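What follows is a single structure, written as structure tokens, with notes after it.
We did not get these values from a lab; they are worked out from the coordinates using the rules stated. In this text the structure is predicted, and so the values were computed from the model without any measurement. FYI the Cβ positions are ideal-geometry reconstructions off the backbone, even for glycines, and counts take in every protein chain you see.
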Amino acid sequence: MERIERLLKKANSLPLQSGVYIMKDKTKKVIYVGKAKKLKNRVTSYFRKNSSHNAKTIMMVSKVEDFDYILTDSEFEALVLECSLIKQYQPKYNILLKDDKGYSYIRLTKEMYPRISEVKQKADDGAEYIGPYTSSWAISSSVREAQTIFKLPDCNKSFPRDFGKGRPCLNYHIGRCMGVCTGKIGKEEYAETIEQALAFLQGNSKDIVSIMEKKMLEYAEKTEFEKAARLRDRIAAIQKLNDKQKVVAGTYKQEDVFALVRGTKKMCLTVLRFKENRLQESENFIIEDNPDTGEALRELLLRFYAMREDIPPRVLLEQSFEDVALLETYFSEKAGRNVNIIVPQKGEQLRLVELSRQNAAQHLALYEGKSMKQTTALDELTKLLGLKAPPTFIESYDISHTGGQDNVAGMIVFKNGRPYKKAYKRFAIKGFSGQDDYASMAEVLERRFKHYYEDDEGSTFKQLPDLILLDGGKGQIHAVEPVLREMHIDVPLFGMVKDSKHKTRAIATSGGEIQINAVRSAFALVTEIQDEVHRFAITYHHQKHRKNTVATTLTSIEGIGKAKAKELLKHFGSLKKIREAEESEIAALKGFSPTLAKKVKEALDA
């Protein structure tokens, strides 16, 4: 406590001026760097009691032994300095994107008939290297495309040494290689083809198609029809590839599309990078979870472009944050032109953001061993309800009865977005008779959390949920909230509201409703939960109702009380089986005489 008091006292002496603060541990190592518009307000917030910090910040503060600060003339200067210091110190508690994929190069050999390939390292071999590129997948894919479109040889033959030696390979016969080995492709034509392939690899497909079209006409006028045909085929192949890529084409020439999806313990940042209106590469980063996704996005953007020089004119995000205008200015200065950060609301640009989210969800799902559907749904639900983290355990409750008779409740559990049937529970309402859904819900939640406090370890009741969803609206929520408060259960509580056709319509809060129809994955998950808890509750109600109906039928027989009715049902299993039984079988039961057995048969056969 002495350490925190000392740090708070020092923080209170800071000016209300913009600047950068530098947190250090007991070894004087820099563990966190941040910027602030008002240093005093920001730094003191770390050391005040009852601050609502996330787990990562709490851990960082526990390691802070001292801090330094640097005053700046503006918040923008603080941002630039923050980026520089993070790059210099690589602090443990800042979000750091590890660019551990390495870089790739396009290698062009220096020989009479040069070859194009993708490599990870430069070598001192006299070849020309174009790059570096951050995405090896994009470059290797592009090189394969270029080899296919321009029908470049990928064999081990050396030209012109191997002209005419042996038959051309299968690739030549199926039209995948121009057949340099036949000796029919001159040095000039091959050099021209390589030049076109390089232009294609560097993203100039439109320009190179125009050049090839002019060249094709020249060859045709000269009656060099074989050369013209080869160019015609290349143009067709490029156009076919462009048509195929229109499925994921950008509406702007160059832009980056970011999405951030939260899992149970990690987050995934995905960036789709568009150049020349084509999706050129996709990058994914798994990082530590941060409940403040806006702050996380700010840091991630800064870290991402700190590793790269090519900042596009447009950056698409799924949500905004406080420093957007500041980052636009910073990126514009760094790029030497205007950079706009945009949160699209509709149309093709929104579709690209959703595509990026799908990729992030899939990547995170693979990392966490879940499905993309569940990861996306839980992430959307977290944002929609303002939860601190995606809920691992969701409990849902529904009441079922017939006109106030045979009141029961069903409790279901979803774990990581899937039914967790091991933890399902059934409750028979005991506190009152008649119809009162609100009182029933309150009773069930009270009994559930009594089990939490009283059960032995190993009971599924000992697992606190991360979210409670009641089947119903504000009335059910208001009935349950006092129970949770009195029992000191701090779990987010919401209702699930149905429309007139008994279909999921919205999420109820204590003060209103949240529409979820437009949030597809979250809507599908909530609908599944609501349908499942209704099925579970009504199935139990039907079982109880049938059992009570049968028991009533039996106890109406003279000489049959609850105990004897229970004995009959226990032995025969159903009313039908009792009807089918012989009098002697009934009389053989403990407490049953031949006379009583005859009465049973006569009553049921009547």
task = Identify the GluC sites (Glu not before Pro) of the stretch 517-606 meeting these criteria: DSSP loop state and at most 16 other C-beta atoms within 10 Å of the C-beta.
result = Glu558, Glu582
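Go ahead and run the numbers for FRET between Glu111 and Lys206, Cβ-Cβ distance against an R0 of 30 Å, rounding to 0.05.
Details: r = 30 Å, r/R0 = 0.99.
Once rounded, the FRET efficiency stands at 0.50.
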inquiry  = Considering the Cα positions of the chain, please state its Rg to one decimal place and its Dmax as a whole number of Å.
reply    = 35.4, 117
message = Compute the angle between helix 324-335 and the longest alpha-carbon principal axis of the chain, please, reported from 0 to 90 degrees and rounded to the nearest 10.
response = 20
remark   = the stretch 553-606 and the stretch 335-402 have their Cα centres apart by a whole-number Å value of 59
Principal axis box of the stretch 385-545, alpha-carbon based, largest edge first, Å = 40, 39, 29
ask   = To the nearest 10 degrees, how steep is helix 520-555 against the longest Cα principal axis of the chain, on a 0 to 90 scale?
value = 20
message = A 29 angstrom limit on the alpha carbon distance is what I want to check against. Which of Lys49/Lys450; Lys265/Lys430; Lys122/Lys165; Lys28/Lys383; Lys383/Lys421 exceed it?
response = Lys49/Lys450; Lys265/Lys430; Lys122/Lys165; Lys28/Lys383
ask   = Straight-line reach from Lys26: which lysines have a Cα under 21 Å away, not including same-chain ones fewer than 8 places off?
value = Lys9, Lys10, Lys56, Lys63, Lys92
ask   = Can you list residues whose amide H is under 5 Å from Tyr424's amide H, if they're 5+ apart or on another chain and H is modeled 1.01 Å from N?
value = Val413
query = Mind checking Rg over Rh on the stretch 556-605, alpha carbons, Kirkwood formula for Rh?
reply = 0.89
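When His451, His541 are ordered from fewest to most other Cβ atoms inside 10 Å of their Cβ, what list results? It would help to have the intermediate numbers written out before the result.
Numbers: His451 13, His541 23.
If I rank by nearby Cβ atoms, fewest first, I get His451, His541.
For a Förster distance of 56 Å, can you work out the FRET efficiency between the beta-carbons of Thr223 and Ala123, rounded to the nearest 0.05? Each step should come with its number before you reach the end.
Values: r = 44 Å, r/R0 = 0.78.
Once rounded, the FRET efficiency stands at 0.80.
Let me spell out the model: positive unit charges on the Cβ of Lys and Arg, negative unit charges on the Cβ of Asp and Glu, origin at the Cα centre of the stretch 556-605. What dipole size does that give, in debye rounded to 20? Intermediate results must be reported in sequence, preceding the final value.
Details: 11 positive and 8 negative charges, 57 e Å.
So the magnitude is around 280 debye.
Can you give me the relative contact order of the stretch 453-563 as a percent, contacts being Cα pairs under 8 Å and 6 or more apart?
Dividing the mean separation by the residue count of the stretch 453-563 yields 17 percent.
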query = Say the dipole of the chain comes from +1 at the beta carbon of Lys and Arg and -1 at that of Asp and Glu; which of Gln17, Gln435, Gln349 then lies farthest toward its positive end?
reply = Gln435
remark   = Out of His541, Ala506, Met267 - ranked by how far each Cα lies towards the positive end of the dipole of the chain, with unit charges on the beta-carbon of charged residues - the top one is His541
inquiry  = Report the gain in length on full extension from Ile286 to Glu582: 0.36 nm times residue separation, minus Cα-Cα distance, nm rounded to one decimal.
reply    = 99.5 nm
key: Amide H within-cut-off set for Ile342, under 5 Å, with H built and near neighbours excluded   = Val315, Leu316, Leu317
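Listing Asp68, Asp124 from the residue with the fewest other Cβ atoms within 10 Å to the one with the most, what is the order? Present the calculation step by step, with values, prior to reporting the outcome.
Details: Asp68 12, Asp124 5.
By the 10 Å Cβ count, ascending, the order reads Asp124, Asp68.
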request  = Run the quick spin-label model on Lys87 and Gln515: label points 7 Å from Cα toward the beta carbon, then report their separation in nm to one decimal.
outcome  = 4.5
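If I take every Cα pair under 8 Å that is 6 or more residues apart in the chain, average their sequence separation and divide by the length, what percent do I get for the relative contact order?
Values: 954 pairs, mean separation 43.1, N = 606.
Worked out over the chain, it gives 7 percent.
Mind listing which trypsin sites (Lys or Arg not before Pro) in the stretch 552-606 are in a DSSP loop and have 12 or fewer other Cβ atoms within 10 Å?
Details: sites: Lys562, Lys564, Lys566, Lys570, Lys576, Lys577, Arg579, Lys590, Lys598, Lys599, Lys601; in loops: Lys590.
For trypsin sites (Lys or Arg not before Pro) across the stretch 552-606 that sit outside H, G, I, E and B with at most 12 neighbouring Cβ atoms in 10 Å, the list reads Lys590.
Provide Met59, Met496, Met372, Met178 in ascending order of the number of other Cβ atoms located within 10 Å of each residue's Cβ, fewest first. Mind dumping the intermediate values first?
On the way: Met59 13, Met496 26, Met372 18, Met178 21.
Final ranking by Cβ density, sparse to dense: Met59, Met372, Met178, Met496.
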task = Jot down the radius of gyration and Dmax of the stretch 104-246, Cα atoms only, both in angstrom.
result = 15.3, 45
key: Computed over the stretch 255-369, Kirkwood Rh from alpha-carbon pairs, angstrom   = 14.3
remark   = To the nearest 20 debye, the chain has a Cα-centred charge dipole, built from +1 on Lys and Arg Cβ and -1 on Asp and Glu Cβ, of 1000
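Summing -39500 (n - 2.57) over the DSSP H runs of n ≥ 4 in the chain and dividing by its residue number, what mean residue ellipticity at 222 nm do you reach, to the nearest 500 deg cm²/dmol? All intermediate terms of the calculation are to be shown ahead of the outcome.
Working: 20 runs with 278 residues, N = 606.
The per-residue figure over the chain is -15000 deg cm²/dmol.
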